[in-house]
Structure formats: C-alpha cells, structure tokens
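This report concerns only the one structure given below.
The values are calculated or read from the model by the stated rules, or taken from the named source; none is laboratory data. In this text the structure is predicted, and so the values were computed from the model without any measurement. Cβ atoms come from the backbone with ideal geometry, glycine included; neighbour counts cover every protein chain shown. Accessible surface areas use protein heavy atoms only, side chains included; no ligands, DNA or RNA. Shrake-Rupley method; radii C 1.70, N 1.55, O 1.52, S 1.80 Å.
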Amino acid sequence: MSNYYSNDNTLSRLKGLSKNISIPKEQSNKVFPQRKFIFVDGVGTLNDNQEYIFGTDILSNEKVKVRLNSKEERIQDMLMTGRVKSKDQAEQIVSGQYENSSNPRKSLSERLKNNSVVFSFDQTFETQSTDNYRTYRSHWAESVTTNPSAQIVIAPVHLKFVNNQNPFGLVEIIEDNFQLDINSGLNQVRNVFRQALSHKDEYNAERSGSLNYILRSKKDDHDIYNGLINTHLTSIQAGGRIIRVPAHINTTLDQLMAKPLITDQYKPHENEIFNQDLNRIIVNKLLNIDFNQKLETTNPEYQTYLKEISKQLKNGEIYLDIYASRHIFLGKESVNTYRAKASRSVSPIKIYNINENDVNGYQVTTKGYLNSVVCIDRHRDSLSPFINFTSTIDPLAQAQKLENLEIKQSKISDTLLLDEKFKKDPLPKNISNSQDNYRNQIKESKKKQESTGSDYGFF
C-alpha cells in the first residue's frame, strides 16, 4: 500500500490496484556460481587431457575457454553452496545427473556435433588461467542456437508459461524506457506509442507489444500506479480456423477510445475497467484524441482516483515512466523443453512469478522481470520471430517489479546479430582437435584388437 501524500490521501490506496511485486530477500550463499554465454570458436583438448570450448563471452566480449567439471568438483560445489547437507547426498545426485539418468551429461565434443553457434554454461566457476583465455569450469552445457544468423537480446524479461493440453510460452522483452508528461511534444508522444504498440517489427513481420507505464510524482518520483496498454489483437479467418493477429496502432487506439470494454459476452473485473478508463484519460491528455466512449468505471472510489489523476496530469504534477515491450512466443522445441522444466519440484519458470498480498490481503501471483539472454529465430517464410532459448544472466537473481528495475547501462536492452557481431577465431596451436583425438583413440583400439587376434592367413 502506498502512503503517497501526507496531506492528500486521494491516491494513497491506488498503488495496490496494480498488484506490485514484493522486494526480494538478500541471498545468503557464500559461493556465487555464474552463468556464461559463449560464442563458439571450437572445441579442443589441452595437455591436461581436459576438453574445452574456446570462444567469446557474448556479455563481456572476452576470449574464454570452458571445461566441464569433474564429478568430485561438482560434489564439492554442492556442499560449499549449501545445496545439500551431506557428501553422500551430493554423490547420489551427481551420479544420477552425470551417469545414471535418461539424459546423462554429454561431453563438449558430443554437444558440438549439432553445430551449435552459442553455448550456455550453468553453475560456472572461474579457475586459474595459464594463457590468454579466461578459464572456467561448468556443471552443464546447453546449446543456445545452431543458427549463425540468430538474434541475441540482452534485456529484462518476463516469461509466462501455460502447461496444459496445448502448452505455450510467451516472453515479454523490455526494449526501451521513456518519460512523458503533459508538456511532452506531440511528435515525441507519438514516437513512444508507435515504438511500444507497432504491429510490425524491423523485418516487417507481425509484432505484438505493450506500453507499460508507471505513474510517478514529479515531487519525489514516488510510484503511484502501474498500468499498461496492449497491442489490440484482431480475429481473422485463416485456413478454416480463427486466429488472432496484432492490429495497426490506429486500431488499437480506436478500440480503446471508441469501443466499450464491457459487453454482453465479457464482464471484466473492476480493476481492469479502471485500467482501461485510465488509459483513455492518458491518451486523451497526451495524444489529444477525443473520447467517443464514455468511462465505464462505476466504483465511486475508483471514479475519484480517475478525476484526481486527470487533474494532476493536466497540472504537470505527475508523469509517465514508460517501458516499451514486445511479446514473442516460444518455439515448438522450446515449449517441449519448458514443459519438462515446469514439472520439476523446483521449476525455473516460477522465478518469473512472485506471490504477494493484494490490498484486501488475498495472495495473488504477479509478474516479475529478470535480466536475461534471449535467442530469437525466425520462420523462413513469414520471418515471424520465435524464441528458441531464454535464460537469466544471474542464476541467483530474483524477480524485480517494473518500477524497481536497476538500469545500469545506457540502454535497457541490447540486440546482437551473431553473424555481424562475432566471428570465429582459430583455436590455439597448443591444443589437439577433440574429434581427431577421438578418432585416434578408435585407431589405437583397433590396432590392439588386431595384434591380439588369431592369424588365419588373411592380409
């Protein structure tokens, strides 16, 4: 509950309507593993007979090499990070993961047989380096993409996954941050709305997005209310079925300003009605678009909120802190991967959702955002995007509400085109190619068999 304004409590309870996310607790682990995302130069074996992936860290642009840790190292890591209570318990878990499961850990050369361009390494620790490569060991390697033309996006992300008979996943990517108020120029306002709600992307493919906004006091930047305007989805007939596609921004605004939210078929919650009416007031004040649809809020308290916001927005006392985002569905293979993850007792999908109490004391699930690496691929025919990989950058991070996102860099989002940003460098001269090493082992094994077999006169 917000305690905004000591003398004027008109908006003091408004913040609770947006169901914000609670502040995360501090981590207590003493050892902090990392997650690494590596553009691959190749795989090779050093003099220590350890197999390494060589490449470029896509976040730091440093040259690195990574090996898989041993079973003993993993056991010690689990004990040091407090993941298990005893060595026997750790040994049982690690043996299951590395050797006895239906999906045992593969060697790096085995992993690279599908020609992966980027790898993700989980539970990674830095080790001493004796060359020009920063050196790491990792618990697990996962392919990010096999497409050298894929896009990598680094941004705050929310992942929604529905695990039913027709499972799907939707990734919301925060792309940019703007501030608007009553004094913002009309062209500036239009550009912000266009960037957030455009129905076409840079490849002229379908795009769906949101204009997420936080109403803030100009006096102290205190957050008052979180709202959003979504790209309108219109229904069309395609191949004997009805599908929903993003509509032009003019249609989105027309639906908002000229069409009722409440219909005979749809009776929304009063919070949704309030958000719709508030959006109408904001569009009216900032874009000078007239109301053709009267406000639908009937709750007297909410009506008071709307009048107060309208007055303060007009007087320049509050402004909009806007986060433009786009929505992209998970690809088919990623859906299958996340469906398996969703069934785990400790599911990585749940980290994007946070439970909190609403203004009435009831527990609700709200969405949170985590700085993540997202890989975007595209369908060849339509160029429509889909997500084939997403992972948080910090494995220990906890979701933040939108108004508490820490923006440390000049851009809130960064997009890397793999074939433009990175190039494969040759491997160091002092390593042996892992594939050649594997073939040599086969040759040696065949020689031993031939030398110990019987001689029947065949040459």
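Some observations on this one:
- Condition broken by ILE236, with the remaining ones in (1) buried (at least 17 other Cβ atoms within 10 Å of the Cβ); (2) of a type outside the set (Ser, Thr, Tyr); (3) at pLDDT below 95 satisfied: (1)
- Region 208-233 - residue that is in a strand (DSSP E or B) and open to solvent by 50 Å² or more (accessible area, probe 1.4 Å) and, of those, nearest to GLU308 (Cα to Cα): LEU228
- Matching option when the condition is on the phi < 0 side of the Ramachandran plot and in a helix (DSSP H, G or I), among SER325, SER310: SER310
- Count of residues meeting criterion [open to solvent by 60 Å² or more (accessible area, probe 1.4 Å), modelled with pLDDT under 90 and out of contact with any Gly (no Cβ under 8 Å at 6 or more places or on another chain)] in region 352-380: 7
- Taking region 148-183 as the range and being farther than 22 Å from THR337 by Cα and of a type in the set (D, E, K, R) as the test, the residues that pass are GLU175, ASP176, ASP181.
- Taken together, ASP419, ASP381 contain a single residue that is more than 18 Å from GLU172 (Cα to Cα) and part of a helix (DSSP H, G or I), which is ASP419.
- Count of region 239-260 residues which are under 30 Å from GLU403 (Cβ atoms), out of contact with any Ser or Thr (no Cβ under 9 Å at 6 or more places or on another chain) and either open to solvent by less than 30 Å² (accessible area, probe 1.4 Å) or among the basic types (Lys, Arg) (or both): 4
- Residue satisfying all of: in region 151-181; open to solvent by 50 Å² or more (accessible area, probe 1.4 Å) and polar (S, T, N, Q); farthest from ILE412 (Cα to Cα) among these: GLN165
- If the condition is being charged (D, E, K, R), open to solvent by less than 70 Å² (accessible area, probe 1.4 Å) and under 14 Å from LEU180 (Cα atoms), then region 264-321 contributes LYS285, ASP321.
- Residue selected from region 102-129 under the condition assigned to a loop (DSSP other than H, G, I, E, B) and not polar (S, T, N, Q), by the criterion surrounded by the fewest Cβ atoms within 10 Å (Cβ to Cβ): PRO104
- Odd one out for ILE387, checked against (1) open to solvent by 20 Å² or more (accessible area, probe 1.4 Å); (2) out of contact with any His (no Cβ under 8 Å at 6 or more places or on another chain): (1)
- In region 51-99, the residue that is farthest from ILE154 (Cα to Cα) out of those that are free of Cβ contacts under 8 Å to residues at least 40 places away in the same chain, open to solvent by 30 Å² or more (accessible area, probe 1.4 Å) and not in a helix (DSSP H, G or I) is SER86.
- Criterion: surrounded by fewer than 21 Cβ atoms within 10 Å (Cβ to Cβ), assigned to a loop (DSSP other than H, G, I, E, B) and in contact (Cβ under 8 Å) with a residue 24 or more places away in the chain - qualifying residue of SER184, SER143: SER184
- Residue list for region 189-207, restricted to those being within 24 Å of the chain's Cα centre (by Cα) and open to solvent by 60 Å² or more (accessible area, probe 1.4 Å): ARG194, GLN195, LYS200, GLU202, TYR203, ASN204, GLU206
- Whichever residue in region 333-347 is under 17 Å from the mean Cα position of the chain (by Cα) and in contact (Cβ under 8 Å) with a residue 12 or more places away in the chain and, among such residues, is surrounded by the most Cβ atoms within 10 Å (Cβ to Cβ): TYR338
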